[in-house]
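Accompanying notes for the structure given below.
The values are calculated or read from the model by the stated rules, or taken from the named source; none is laboratory data. Computed from a prediction, not measured in an experiment: that's the story for all the values here. As a convention, Cβ positions derive from the backbone with ideal geometry for all residues, glycine included, and neighbour counts pool all protein chains shown.
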Amino acid sequence: MSSPDTVARAQASPGQPQPFAELGLTEAEYGKIVATLGRRPTSAELALYSVMWSEHCSYKSSKVHLKQFADKAPSSSALLAGIGHNAGVVDIGGGYAVTFKIESHNHPSYVEPHQGAATGVGGIVRDILAMGARPVAVMDALRFGPAAAPDTRRVLPGVVSGISFYGNCLGLPNIGGELDFDPSYAGNPLVNALCVGVMRHDDLQVAAATGPGNQVILLGSTTGPDGVGGASVLASAAFGAAGGEGAKRPSVQVGDPFTEKLLVECCLELYAGGLVVGIQDLGAAGVACATTELAAGGTGGMAVRLDAVPLRDASLGPPEILMSESQERMMAVVEPDRVPEFLAVCAKWDVRAAVIGEVTDTGRLIMTWHGETVVDIPPSSAADGPVYRRPAERGTDAEALAADDPDALPRPVDGAALRADLLALIGSDGLADKSWVTDQYDRYVRGDTVLAMPEDGGLVRVDEATGLGLALATDGNGRYCRLDAYLGTQLALCEAYRNVAVTGARPLAVTNCLNFGSPEDPAVMWQFAEAVRGLADGCAALGVPVTGGNVSFYNQTGTTAIHPTPVIGVLGVHDDVRHRLAIGFGRETIGEPGAAGGSGSSGAARIVLLGQTRAEFGGSAWAHVRHGHLGGRPPAPDLDAERRLARLLAAAAAAGLLSAAHDLSDGGLAIALAESCLRGETGCTVRLPGDPFTTLFSESAGRAIVAVRPGADAAFDQLRADHEVPGAAIGAVGGDSLVVEDLFSIGLDELAAVHTGTLPALFG
Amino acid sequence: MLWHGDRDLRGVDAAILPGGFSYGDYLRCGAIARFSPVMSELVPAARAGLPVLGICNGFQILCEAHLLPGALTRNAGLRFITRDLRLGVENAQTAWTRAYQAGQQIVVPLKSGEGAYAASPGTLAGLEASGQVVIRYASGNPNGSAAGIAGVCNAAGNVVGLMPHPEHAVDGLTGPSADGLGFFTSVVAAVVG
């Protein structure tokens, strides 16, 4: 073994050239490290700073903007832990708290789709575990190039199998998410994974190394060379126009979900036994990140023996050990006299654990390698990182894009043409049935899944006795955001909020995964700044705080960035999941006694269109699918209307007035009706209240369709008036066709064949 | 709950080997779990008549342990499948199926990647002749199982293996039906007498 680059050697050789640029640091950043330490860094310190100051770990380009989430946050009594923790924690009542977060694993998933996506799930699950919660469900938001593109056939099946492999083996139900296709993601697919966990209030854990003398224990998998530099080199730079894939191959981690399952059960038993003072998951930047963040968040000092880290490759030295992103590892702080008990719990679960250091009051993070000091730094200097206010400027094409109004596009002129457009949309890759993907995920495991895809939101029962549950939805629309990132982000927030509301749940809190191109491009930085401003303003207006999130920059190939794609996750609480609303028009609603209308009422459930429909086609699915067009303005969000609609839906669900509810989004009323018919295997007959084309395909926000139980019409109309939600009765549930009176009719068999045929035809 | 590392059945009246991913199933599903210490007690007890139900991974373990004939192989199509399926109950005489009528159709979720039942032609013929096919897929064959077999039992009928998950069909709120309850009420009746 070659002798390490020690602090003593660094002091003795100030002029030694160091590979800071190769590790992703700028000359100025390197200079700042030298100034902080008063000498050149050792190779281990350089490795540590390079990963901690990477865009991925330090949020150096985004921090100045993200601050708005705290500054503009609405007051919420539900928030138990907010931004800055591994994940936000929200009170859902009954003594329960929920923690949830979404994170990107975009770059690794392009390089190695299966392992990249799998370890994305593993990473977010550990974030939730680190808060003290039992992970109970996952979701994923995916974007790929056109479904028919050859590279999509390489990337998509691998990503889906990776999520399936890891999540199913962990025993976590996958309850929803999104899948969309657009040429802008062809070289930069998006793989965003969300996890949600449940705990009792007093189970909350902290990521802080407090109490000098307390022991630092690394538990879980051994440390290997996989993922070295994943955060700094892979996730914090754009792919080269050519050849980038090969160059980045070695930095993707390999997942072992069974070890993660053992780690989850082991940690939960350690928490229950009160054996943990502080805990941190190991994700991006591995041991470097866990030690610096624990030390910076605690008493301030830590002494670590790097040679005590269990290795799977004995040739690794201090820099590699610090940078390794080997999966399935956690770092715990434990009182010395509890260590034997701690290790016994680990042994029970076959989880490897090693004491690698202890908490000190020196204010320094000191690491040794066989007795020699290789790291000696103030931990906050690495944990805090640089801050950049990068130039932001509206893109030069923005004006022309806004002026390219979809009103000029030729529209369907008669019933036959409207029918053809509906079928084209329902069979298009973005709106087609996603069972090819979602059937590969276990949505049932744990036995508490009440709603999962293709429902609007996922719904999980938390307490069997009371029916308390949590609802979750994620949404994002790159086309809207490309037209206007401020409005587009608010529309994504509104849609996720509405998708939670249509289950009958009350939205409570927000997480986000902000996927953008290079922050070094002022036009991208403008999009980012606008998106963050839109989200912060939207959350303030809706009264739901942002509890945490993730930023993924450098989603671009050469100079071409992806559509700005903030993915917004909204968490809600359902007071009683037995009163959940699902999207399907059901046969059982026909002739069934109305819940609120007394017994004996019979007839077809009436369909009511809620909200206001305007002619809004900018960024719409219709313009995209029928004309390949992207231009004009996105729909105008109305946050106050969203709030009223959500309250109406929660009240109507609790009163048992509705038999179905479905949010209107991509493809408008036409697609919502078709999906409700297909989901419930029941047709409907509607009469359109306005211009047929606008009524069917406009994507105005703040709308939903509901099926009102026979006999409950008067009660629902009253409730709707009380909540000041505009609405129009447009028809009734029943039959075997989707019938639009005087215009067209489509049999459910034909509708199903078009809807379900698309993805299997492409992916086998 | 029995612990995999204990050589002790703790006097239970019946045992269920649940689904999951034993040891990650990185090798063949169930191939390592059959060597768990608890199996050294379970195998002789099952041979002596203890009611044992294996669900999904549990079915795979029972086959690996030779308590049930045949093997589970990768799905035709090579993908994991989660789907609510219509099943036909063919043998309502086992310790786990007496609550059903022979010929009854039930809806229960299937969720597996290695669920294709396989056995030699001779074994298959024997299973059919002796009524050891307990349940069969009733609307199409989702995973390429031989003769559409979704569950089998041993000759005595006390050991049953199922690929579908009846525990996910016990309540219409969290599953497609309550049709799976019968497997559990059957064994309760069998052991209570």
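So that you can scan it fast, the table gives a plain yes or no per residue for (1) in contact with a Leu (Cβ under 9 Å, 6 or more places away or on another chain); (2) free of Cβ contacts under 8 Å to residues at least 24 places away in the same chain; (3) surrounded by 19 or more Cβ atoms within 10 Å (Cβ to Cβ):
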position	(1), (2), (3)
A:ALA714	no, no, no
A:ARG720	yes, no, yes
A:ALA728	yes, no, no
A:GLY731	yes, no, yes
A:ASP736	yes, no, no
A:VAL740	yes, no, yes
A:ILE746	yes, no, yes
A:ASP749	no, yes, no
A:VAL754	yes, no, yes
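Hey, could you check segment A:448-458 for residues that are acidic (Asp, Glu) and in contact with a strand residue (DSSP E or B) (Cβ under 6 Å, 6 or more places away or on another chain) and say which is surrounded by the most Cβ atoms within 10 Å (Cβ to Cβ)?
Among them, the one singled out is A:ASP456.
If the requirement is being of a type in the set (A, V, I, L, M, F, W, C), without any contact (Cβ under 8 Å) to a residue 60 or more places away in the chain and either in a helix (DSSP H, G or I) or surrounded by fewer than 15 Cβ atoms within 10 Å (Cβ to Cβ) (or both), which of these qualifies: A:ALA8, A:ALA47, A:ALA21?
Of the residues listed, the single one that is of a type in the set (A, V, I, L, M, F, W, C), without any contact (Cβ under 8 Å) to a residue 60 or more places away in the chain and either in a helix (DSSP H, G or I) or surrounded by fewer than 15 Cβ atoms within 10 Å (Cβ to Cβ) (or both) is A:ALA21.
Please go through segment A:448-458 and pick out each residue that is assigned to a strand (DSSP E or B) and either among the hydroxyl-bearing types (Ser, Thr, Tyr) or more than 9 Å from chain B (Cβ to nearest Cβ) (or both).
A:THR449, A:LEU451, A:GLY458
Might you check whether a residue that is within 14 Å of chain A (Cβ to nearest Cβ) and over 30 Å from A:ASP463 (Cα atoms) occurs anywhere in segment B:143-160?
Looking for residues that are within 14 Å of chain A (Cβ to nearest Cβ) and over 30 Å from A:ASP463 (Cα atoms), one finds at least one in segment B:143-160, hence yes.
Kindly indicate whether A:VAL500 is modelled with pLDDT of 95 or more, within 14 Å of chain B (Cβ to nearest Cβ), farther than 30 Å from A:SER54 by Cβ and outside any loop (DSSP other than H, G, I, E, B).
Answer is no for this residue.
Output the residue which, of all residues in segment B:49-101 that are of a type in the set (A, V, I, L, M) and within 14 Å of chain A (Cβ to nearest Cβ), is surrounded by the most Cβ atoms within 10 Å (Cβ to Cβ).
Here the answer is B:ILE55.
Only one of (1) crowded, with 24+ Cβ neighbours inside 10 Å; (2) away from every other protein chain (no Cβ under 14 Å); (3) in contact with a strand residue (DSSP E or B) (Cβ under 9 Å, 6 or more places away or on another chain); (4) on the phi > 0 side of the Ramachandran plot is not met by A:GLY227, so which one is it?
All conditions pass for A:GLY227, except number (3).
Identify the single condition in (1) away from chain A (no Cβ under 14 Å); (2) in contact with an Asp or Glu (Cβ under 9 Å, 6 or more places away or on another chain); (3) surrounded by fewer than 18 Cβ atoms within 10 Å (Cβ to Cβ); (4) outside any loop (DSSP other than H, G, I, E, B) that B:ARG28 does not satisfy, given that it satisfies every other one.
Looking at each condition in turn, B:ARG28 falls short on (4).
Considering only segment A:504-511, I want to know if a residue exists there that is in a loop (DSSP other than H, G, I, E, B), among the aliphatic types (A, V, I, L, M) and either within 14 Å of chain B (Cβ to nearest Cβ) or touching a helix residue (DSSP H, G or I) at 6+ places or on another chain (Cβ under 8 Å) (or both).
Yes, that holds for at least one residue.
Kindly indicate whether any position in segment A:744-758 is assigned to a loop (DSSP other than H, G, I, E, B) and in contact with a helix residue (DSSP H, G or I) (Cβ under 8 Å, 6 or more places away or on another chain).
No, segment A:744-758 contains no residue that is assigned to a loop (DSSP other than H, G, I, E, B) and in contact with a helix residue (DSSP H, G or I) (Cβ under 8 Å, 6 or more places away or on another chain).
In segment A:518-548, what residues are within 15 Å of A:LYS67 (Cα to Cα) and assigned to a loop (DSSP other than H, G, I, E, B)?
Selection gives A:PRO545 alone.
Of all residues being polar (S, T, N, Q), surrounded by 15 or more Cβ atoms within 10 Å (Cβ to Cβ) and not in a loop (DSSP other than H, G, I, E, B) in segment B:102-125, which is farthest from the other protein chains (Cβ to nearest Cβ)? Just the residue, please.
In this case the residue turns out to be B:THR123.
Of all residues in segment A:156-172, which are more than 10 Å from every other protein chain (Cβ to nearest Cβ) and surrounded by fewer than 24 Cβ atoms within 10 Å (Cβ to Cβ)?
A:GLY158
Within segment A:309-328, which residues are among the hydrophobic types (A, V, I, L, M, F, W, C) and either closer than 24 Å to A:SER381 by Cα or in contact (Cβ under 8 Å) with a residue 60 or more places away in the chain (or both)?
A:VAL309, A:LEU311, A:LEU316, A:ILE321, A:LEU322, A:MET323, listed by residue number.
Just name the residue that is modelled with the lowest pLDDT out of those in segment A:305-339 that are farther than 16 Å from A:ALA47 by Cα and among the acidic types (Asp, Glu).
Here the answer is A:ASP313.
Do you know which of the residues in segment B:153-193 that are without any contact (Cβ under 8 Å) to a residue 12 or more places away in the chain and in a loop (DSSP other than H, G, I, E, B) is surrounded by the most Cβ atoms within 10 Å (Cβ to Cβ)?
Going through the qualifying residues, I end up with B:THR174.
Return the total of residues in segment B:31-56 being closer than 20 Å to A:TRP349 by Cα and not in a loop (DSSP other than H, G, I, E, B).
The total comes to 4.
Please specify each residue of segment A:24-42 satisfying the condition of being assigned to a helix (DSSP H, G or I) and either among the charged types (D, E, K, R) or crowded, with 23+ Cβ neighbours inside 10 Å (or both).
Hits for segment A:24-42 are A:GLU27, A:GLU29, A:LYS32, A:ILE33.
Matching residues to (1) modelled with pLDDT under 95; (2) assigned to a helix (DSSP H, G or I); (3) surrounded by 24 or more Cβ atoms within 10 Å (Cβ to Cβ):
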{"site": "A:ARG249", "(1), (2), (3)": "yes, yes, no"}
{"site": "A:GLN253", "(1), (2), (3)": "yes, no, yes"}
{"site": "A:LEU262", "(1), (2), (3)": "no, yes, no"}
{"site": "A:GLU265", "(1), (2), (3)": "no, yes, no"}
{"site": "A:LEU268", "(1), (2), (3)": "no, yes, no"}
{"site": "A:TYR271", "(1), (2), (3)": "no, yes, no"}
{"site": "A:GLY274", "(1), (2), (3)": "no, no, no"}
{"site": "A:CYS289", "(1), (2), (3)": "yes, yes, yes"}
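Yes/no per residue for (1) within 10 Å of another protein chain (Cβ to nearest Cβ); (2) buried (at least 22 other Cβ atoms within 10 Å of the Cβ); (3) of a type in the set (D, E, K, R):
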{"site": "A:SER435", "(1), (2), (3)": "yes, no, no"}
{"site": "A:ASP442", "(1), (2), (3)": "yes, yes, yes"}
{"site": "A:ARG446", "(1), (2), (3)": "yes, no, yes"}
{"site": "A:VAL460", "(1), (2), (3)": "yes, yes, no"}
{"site": "A:LEU468", "(1), (2), (3)": "no, no, no"}
{"site": "A:THR474", "(1), (2), (3)": "no, yes, no"}
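Step by step: first the residues of segment A:256-293, then only those that are among the hydrophobic types (A, V, I, L, M, F, W, C) and within 14 Å of chain B (Cβ to nearest Cβ), then the one that is farthest from A:HIS201 (Cα to Cα). Which residue is that?
Filtering first and then ranking leaves A:PHE258.
Does A:ARG703 satisfy the condition of being under 30 Å from A:GLY145 (Cα atoms) and of a type in the set (Lys, Arg)?
Spelling it out, A:ARG703 is indeed under 30 Å from A:GLY145 (Cα atoms) and of a type in the set (Lys, Arg).
Pick from segment A:291-325 the residues that are surrounded by fewer than 23 Cβ atoms within 10 Å (Cβ to Cβ) and polar (S, T, N, Q): which of them is farthest from A:THR223 (Cα to Cα)?
So the residue we want is A:THR299.
Checking B:GLY131 against (1) within 24 Å of B:ALA45 (Cα to Cα); (2) part of a strand (DSSP E or B), only one condition comes out false. Which one?
Condition (2) is where B:GLY131 drops out.
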